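The structure appears right after this line, and notes come after that.
No value in this document is a laboratory result; all are computed from the given coordinates. No experiment lies behind these values; they were computed from the predicted model shown. Methodologically, a virtual Cβ is constructed for each residue, glycine included, from the backbone with ideal geometry; neighbour enumeration extends over all protein chains shown.
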Amino acid sequence: MASKLRKQEREVEKQLEVIGDGTVEVINVDELKAKLMRSLETGVPLRAKLGADPTAPDIHLGHSVVLKKLREIQDLGHEVVFLVGDFTALIGDPSGRSKTRPSLSPEEVEENAETYREQAFKILDPEKTIIDHNSRWAGPMTFRDVIELSGKYTLARMLERDDFRSRLDNNRPISIHELLYPLLQAYDSVALEADIELGGTDQKFNLMVARDIMREYGQEPEIAVIMPILVGTDGARKMSKSLGNYIGVGEPPEEIYGKVMSVTDEVMLDYYRVLRVSSETEIAEMEARIKSGEINPKDAKKELAKRLVKAYYDAKAAGAAETTFEKVHRDGGVPDEIPGLTPSSNPVDIVSLIREAGFASSNTEARRLVSQGAVYIDGERITDIESEIAIEGGEILKVGKRRFARLNAD
RNA sequence: GGAGGGAUACCCAAGCGGCCAAAGGGGGCAGGCUGUAAACCUGCUGGCAUUAGCCUUCGGGGGUUCAAAUCCUCCUCCCUCCA
């Protein structure tokens, strides 16, 4: 009996470690411990929730931080609910910014959600993931229900949120529905009776509200597992699709590889850490070696790029992406696979050729590229805007460092 | 209900009668260098034609003027304050 108990304790400790690894914060660890203990005793898995806003369907490395944690929890045998915020999406824009997002139709939401799911399942185990939609309970809610829900929270507490506080202080607008948002999200947890909710640090406030609201509804508050936010490829702002500084998990291998390579050395180290590509000790060691000059940061970055491609494709794709990258960027060569192009006339003037290849959106831009020395045919730089190119077939048009087309004689 | 502020190119933001295709920054693109699509330096960044030049753009319409992003007027939208 005593040994069984000890075994359980060890299991709980193990799970706590797995869940806590790489997090910024777990609120609250003691409560989590109690939940885990009870789960082991009763054999009922915990239910972990992740809310997904189906407005921007491309899952990127930033999302992967949270999804990966969810997968780990899943692998511990717990239940994972992937909650599509279709109802919230129909209302409009909840977060920060002033710009109103156009409301989406249910069809659009479903379409986005489908893409989202597909990509999320590159990380989550599709067999063990429960998909739900918050319209299921939020839709039938009456105004009366909403008032009741609103009555469980105060403005003062809402204003604890930095975002709201600073907007209020700076005389910037806060619309009412924005105040409702955390409540709605919190209610999702009530409806699901979630044990755990995942989120980035930017979600901390919402997660705390959820805990409070759950208590108000007589439930045990969920555990907030808070993950770090991943910085975008620009190294300045958080990774997000709308900022265009993201690396999508659904992008082609060469693209992922290349984008990782374009990131600064500093961001690279951050990616190693936040994406937990290596263990903390390995990363620390690597960092020291880079500092001492023992390792070239470039090689560390290549390793990162390769591992990430491997995570979303396989080792073969990673190798191929690396080969292509080396060929193009180190050796100034040509990738194996490049799109073909049959010009509308032969010979063609260089400006039309560039435009037909889609490498410039106007003649002026095409001319600019030529005069900047960005254009090559078979490795030979074209500097004369008037150049007429006679095509025999097989010539390689290169514009800039990374845009290629193979020309066909027609 | 009252008073005020604002809308400028991909984004932020100057300009407030001509010298404005419109400062500056960001982003993007290109070149150089390199360790790479890092960092750094330089250039370009409305379109057509590239010689000159022409056309379109400063929330929308209408005006004033030889000439407007800049002045007047109406409209639309956004924000703030007072009530």
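Report the label-to-label distance for A:ASP125 and A:SER345 in nanometres (one decimal), using points 7 Å from each Cα along the Cα→Cβ vector. Output for this residue pair reads 6.3 nm. Stretching A:SER262 away from A:ARG136 to a fully extended chain increases their span by 41.1 nm, per 0.36 nm per residue minus the current alpha-carbon distance.
With the simple spin-label model, which puts each label point 7 Å out from Cα in the Cβ direction, the A:GLU72 to A:GLU220 separation comes to 2.2 nm.
Looking at the range A:338-410, the trypsin sites (Lys or Arg not before Pro) that sit in a DSSP loop and have at most 10 other Cβ atoms within 10 Å of their own Cβ are A:LYS401. Charge tally around A:ARG276: other residues with Cβ under 14 Å, Lys/Arg +1 each, Asp/Glu -1 each, net -1. Contact order, relative form, for the range A:2-227: 26 percent (alpha carbon pairs under 8 Å, 6 or more residues apart, mean separation divided by residue count). With a ≥ b ≥ c taken as the square roots of the eigenvalues of the C-alpha gyration tensor of the range A:340-407, please select rounded if a/c is under 1.5 and otherwise prolate if a/b is larger than b/c or oblate if it is not? Taking the square roots of the gyration eigenvalues as a ≥ b ≥ c, the range A:340-407 is rounded.
So which residue, out of A:LEU124, A:LEU230, A:LEU149, gets the largest mean-square fluctuation from a GNM of chain A using Cα contacts under 10 Å as springs? Checking each option, the largest mean-square fluctuation is seen for A:LEU149. Scoring A:203-213, A:243-253, A:157-167 by mean Cβ neighbours within 10 Å over their residues and listing the highest first yields A:203-213, A:243-253, A:157-167.
The residue among A:ALA360, A:ALA311, A:VAL66 whose Cα reaches farthest toward the positive pole of the charge dipole of chain A, with charges on the beta-carbon of Lys, Arg, Asp and Glu, is A:VAL66.
FRET efficiency for the pair A:LYS401 and A:VAL18, taken as 1/(1 + (r/R0)^6) with r the Cβ-Cβ distance and R0 = 60 Å, rounds to 0.90. The lysines within cross-link reach of A:LYS398, meaning a Cα-to-Cα straight distance under 20 Å and a gap of 8 or more places when in the same chain, are A:LYS259, A:LYS327. Per-residue ellipticity at 222 nm from helix content only, as computed over chain A with -39500 (n - 2.57) for each DSSP H run of at least four residues, stands at -14500 deg cm²/dmol.
A simple count of charges around A:ILE59, restricted to other residues whose Cβ falls under 11 Å of its Cβ and scoring Lys, Arg +1 and Asp, Glu -1, yields 0.
Pairwise alpha-carbon distances in chain A exceed 42 Å for 28% of all pairs.
With Cα atoms as the point set, the range A:253-330 shows a radius of gyration and Dmax of 12.1, 34 Å. Each Lys or Arg adds one and each Asp or Glu subtracts one; over the other residues with Cβ under 10 Å from the Cβ of A:SER362, this totals +2. Cross-link reach is defined here as a Cα-Cα straight distance under 12 Å, omitting same-chain residues fewer than 8 places apart; for A:LYS4 the aspartates and glutamates meeting it are A:GLU41. Judged by the gyration tensor of its Cα atoms, with axes a ≥ b ≥ c, the range A:104-155 is prolate; a/c meets the 1.5 cut and a/b is the larger of a/b and b/c.
Where both bridge residues fall in chain A, DSSP classifies roughly 45% of the beta bridges as antiparallel. When you restrict to C-alpha pairs under 8 Å that are six or more residues apart and normalise by the size of the range A:253-330, the relative contact order lands at 43 percent. Of the peptides A:77-86, A:383-392, the ranking by mean beta-carbon count within 10 Å, highest at the top, reads A:77-86, A:383-392.
For the residue pairs A:LYS14/A:LYS49; A:LYS68/A:LYS298; A:LYS68/A:LYS310; A:LYS238/A:LYS401; A:LYS14/A:LYS69; A:LYS68/A:LYS128, alpha carbon separations beyond 19 Å are given by A:LYS14/A:LYS49; A:LYS68/A:LYS298; A:LYS238/A:LYS401.
Counting other Cβ atoms within 10 Å, which GluC sites (Glu not before Pro) in the range A:261-337 have at most 14 and lie in a DSSP loop? Passing both the DSSP loop test and the Cβ count: A:GLU294, A:GLU337.
Over chain A, what relative contact order in percent results from Cα pairs under 8 Å that are six or more residues apart? So the answer I get is 13 percent. Give the separation of the Cα centroids, the range A:261-317 to the range A:1-67, in Å. Value for the Cα centre distance between the two parts: 27 Å.
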